[in-house]
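Have a look at the structure below before the remarks.
The values are calculated or read from the model by the stated rules, or taken from the named source; none is laboratory data. Because the structure is a prediction, the values reported are computed rather than measured. Quick reminder, even Gly has a Cβ in these numbers, built from the backbone with ideal geometry, and neighbours come from all protein chains shown. To get the accessible areas, we keep the full protein, side chains included, count just its heavy atoms, and leave off ligands, DNA and RNA. Shrake-Rupley method; radii C 1.70, N 1.55, O 1.52, S 1.80 Å.
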Amino acid sequence: MGRSEGTVSVMRRVKNAKVIRRVADKTRKAGRGRNIIAVLAITLTTVLFTSVFTVGGSLIEKSQQETMRQVGGSAHAGFKYLTQEEYDIVKKDPKLKEVSYRIIVGDAVNDSLKKLRTEVNYYEDLEAKLSFCYPDKGHMPEKEDELVTSDLVLKALGVPVKLGEKVPVVLDVGGQRYEKVFTLSGYFKGDMINRSQVMAVSKEFARTVAPTPVNSMMGKEVSVADYAGRIMADFNFHNSLNLEKKVEDLARRCGFPTDVYEGINWAYMGSAADMQTVIPVIILLLVIFISGYLIIYNIFYINVYHDIQHYGLLKTIGTTGRQLRRIVRRQAYILSLYGIPAGLILGAVIGKFILPLVMKNLIFGDSVNTDVSLNVWVFAGAAVFAFLTVYISCIRPCRIASSVSPVEAVRYTEGAAVKGKKKNKKTKRVSPQAMAFANLKRNKKKVFIVVASLSLALVLLNSIYGLIRGFDMDKFVSSMAVSDYSVADATLDNASLSSSQRVLDGVTGQFLTELGRQKGVKETGNIYIKQMYSLNMTEEDSSRIMERLLKYQEVKKNIGMETSAANDQDFTDAVLAGKQIDGKIYGIGKMVMEKLENAEGELDWEKFQTGKYVITSRYPFIEDGDSPAYYDVGDKVTITQDDGTSREYEVMAVADMPYSCGIQSYGMFDCNYILPEDEFLDFLGEQQPMRTLINVEKKYDGKMEEWLSDYTGKVEDDLTYTSKAKIVEQFDSMKNMYVTIGGLLALILAMIGLLNFMNTIVTSILTRKQEFAMMEAVGMTGRQQKQMLSAEGLYYAVFTIVTALVFGSIISVTAIRMMGGEMFFFSWHFTVTPIILCIPVLILLVIIVPVVCYRRMCRDSVVARMVRSE
């Protein structure tokens, strides 16, 4: 005994890393079939992680790109309205990666640019690149009369997009006007999402018309008249982390006051994600991790027990528990070297397929390209998560291998406990079904893992179906359209544009005339609007409104979120002093009046069109319960224009303008007035409609769609139209996104579950090869053995179905109902239909797989199977 201990002690001191690697590799190569399943499992897990990270990373990057384009620059931050001396101080700061600047000259105010705000500045080359206005063709302005601008500006001016063309510009420089004809030295592709277009002029011209002032604006109020000649410095740090602190430190190093005019690029600010966004992502990652863990753990768990005698023999010759753990881990790591790269490639391909589906249904989906961003960090993140899943999955199998007893390992058969169990003395009836159930009880943990893996796919499939089944197309369409067609300026419903960029009177008389000539038009309704940034209310009216609103706790909650007022009275005083109650005045026809929602009071068109009545709105930001009205039916309302002209009306009704009819922007307090269109035009002056609604006879629907498409595309391309057919198409597109992505995820999880089941059954049959041979030798027929294996499969199916039905029902009632409740077009329905439909397929699989494996095993004779080989 002492000799044996001495031998073990000597072996433990030997440098045997190469031997351990060789043993691990030979053990791995001995089970090629199991390795294939392991590699497939790792690959599928990596595919899921890579797809999520690829799509998620691309969406974050594209959202950031869209924000940069809205802001008009990619620099981290900047200081505004500097003198040359102040800029020189900033430029010398050693902690900045790069610094550049532009000089404000003024605005282009040509009549043809009224709908296209255009700034005129001088740009350094780097600043032009940071500001997305470096010319694609040509060069930056060098001579005094040279100019660079976008194709959008040139188109608006009626100038051909061609180098050397003459560009007439009317300039407003600090209130002074200049007219000059420039020569086009370069141009770039314009971007409508940008809040302002750009004209870049030479430094020589900028110095001539807008010399840089020497007086500092630090700590002073800057007005538009002070802009001309001021330097706008933009800079990048070495990274975008904690930009607010970095800008604050930079200002301190430069000796600037704390109230220096600064700007931090929104694209890098990363607004805090709300729980509704974060929770689904966390759940998705957990589902992927759990599914990957279940199969990878089960594979190595089974592999360890399959090779348990081998590990026992290694221990008898002195292999330590630590070395056995290294053997198991090395097998996992080598298999990961095959599975993870394959999963990264497949995941990227799937991500490239999924991203356009997701982008198509996002707000900014039309404004950015759908190319997948194959960032190295995306692959690194997916690889790390996949490897972490493999590593965690191997912890328990490694412990089992390292703690194995050599004597017990040699005598091991599947399901045998290390310590003996008391035998049940009661004799029970033996049948294939009873034996099958007894076999499952031999390793309950394995049964649990397989059932969990198979159930996960069914539960996910049922959840996706439940979510999609709740999509109510009628709700979706009715919220997006109240008529067959709606025509407006293309900027009106563009969510990426600011309020000032939206055209509120874009429906021309020419269009209305041509519309009247079309066949099949049943009715039309115009909607006019006047934006009121400050309602000229009397203090008495404002106080009454605020007193009425502040009775509602939800309103107080919104006030607390939006302001820093110490109490209700402070806020009320602030509203009254700053005239913060704003709103809109709408002018509508009979067709639109009939579409008003949640009406309280009478909607009598004949009475309404007398011009003595007004319809008022409710407070817009209460989601649950009744929103408070600004006025009660019967109240007297005085509407006052900016020039002091006013008229008094009686409130006929309180109602909400349908979302698809109004302008989709709201102030904190949005008190809207609705007048009949004749009264609106008489009181506020003639103007073009904001939007025109059209209903047509069904047989002319196709012709109207064709005419509107042709007219808005070729005659007046500033106009755009929405049709119910387009909205149905949008609904179908969104639904298809959920079906495709959810179906793909469910399919991959189903494959993982099926692999898990196959691996469990195949390994179980192989490890019990001698057992089957012995049972056959004592008289059990092949048919009875196949019945027993089929019964085992059926038990797996029954456990899986029961588990899936229970958890599928719970998730449908809770998570799906809650998620769907966040969608305005969702109607929840309880369902377990997908699970029930999958039952025949599942039963077929769990019966066929064991029988096929048994037949393959039976190719060897009983004698050959009685001899156990490693």
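Brief remarks on what is shown
- Measuring between alpha carbons in the structure, the pairs from LYS595/LYS735; LYS595/LYS698; LYS114/LYS155 lying more than 24 angstrom apart are LYS595/LYS735.
- Residues whose placed amide H lies under 5 Å from that of VAL198, excluding near-sequence neighbours: GLU119, SER150
- Computed accessible area, ILE811, all protein chains, 1.4 angstrom probe, square angstrom: 50 Å²
- Highest-first arrangement of 245-257, 441-453, where packing means the average Cβ count within 10 Å: 441-453, 245-257
- Label zone at ASP259 (point 7 Å along Cα-to-Cβ), backbone N below 16 Å, the range 219-251: 219-223
- Computed from the C-beta positions of LYS189 and ARG859, the FRET efficiency with R₀ = 60 Å rounds to 0.30.
- Shown is the FRET efficiency for GLU204 and ASP505, computed with R0 = 56 Å from the Cβ-Cβ distance and rounded to the nearest 0.05: 0.90.
- Extension gain, GLU648 back to LEU163 (0.36 nm per residue minus Cα-Cα distance, nm): 168.8 nm
- ASP604-LEU337 pseudo-label distance in nm [points 7 Å out on the Cα-to-Cβ vector]: 8.8 nm
- Amide H partners (placed H, <5 Å) of VAL503, local residues excluded: THR491, LEU492
- Shown in residue order for the range 510-519 are the 3J(HN,Hα) couplings computed by the Karplus curve 6.51 cos²θ - 1.76 cosθ + 1.60 at θ = phi - 60°: 4, 5, 4, 5, 5, 4, x, 8, 7, 7 Hz (x for Gly and Pro).
- In this structure LEU454 has an accessible area near 20 Å², from a 1.4 Å probe over the protein heavy atoms.
- Per-peptide packing, taken as the mean over residues of other Cβ atoms within 10 Å, places 202-211, 596-605 in the sequence 202-211, 596-605 from highest down.
- Entries in LYS129/LYS246; LYS162/LYS203; LYS143/LYS189; LYS584/LYS703; LYS91/LYS143 that, when Cα-Cα distance is taken, lie over 28 Å: LYS584/LYS703
- Shape class of the range 149-204 from the Cα gyration tensor (axes a ≥ b ≥ c, square roots of the eigenvalues): oblate, since a/c reaches 1.5 or more and a/b does not exceed b/c.
- Computed over the range 125-246, relative contact order equals 28 percent, with contacts defined as Cα pairs under 8 Å that lie 6+ residues apart.
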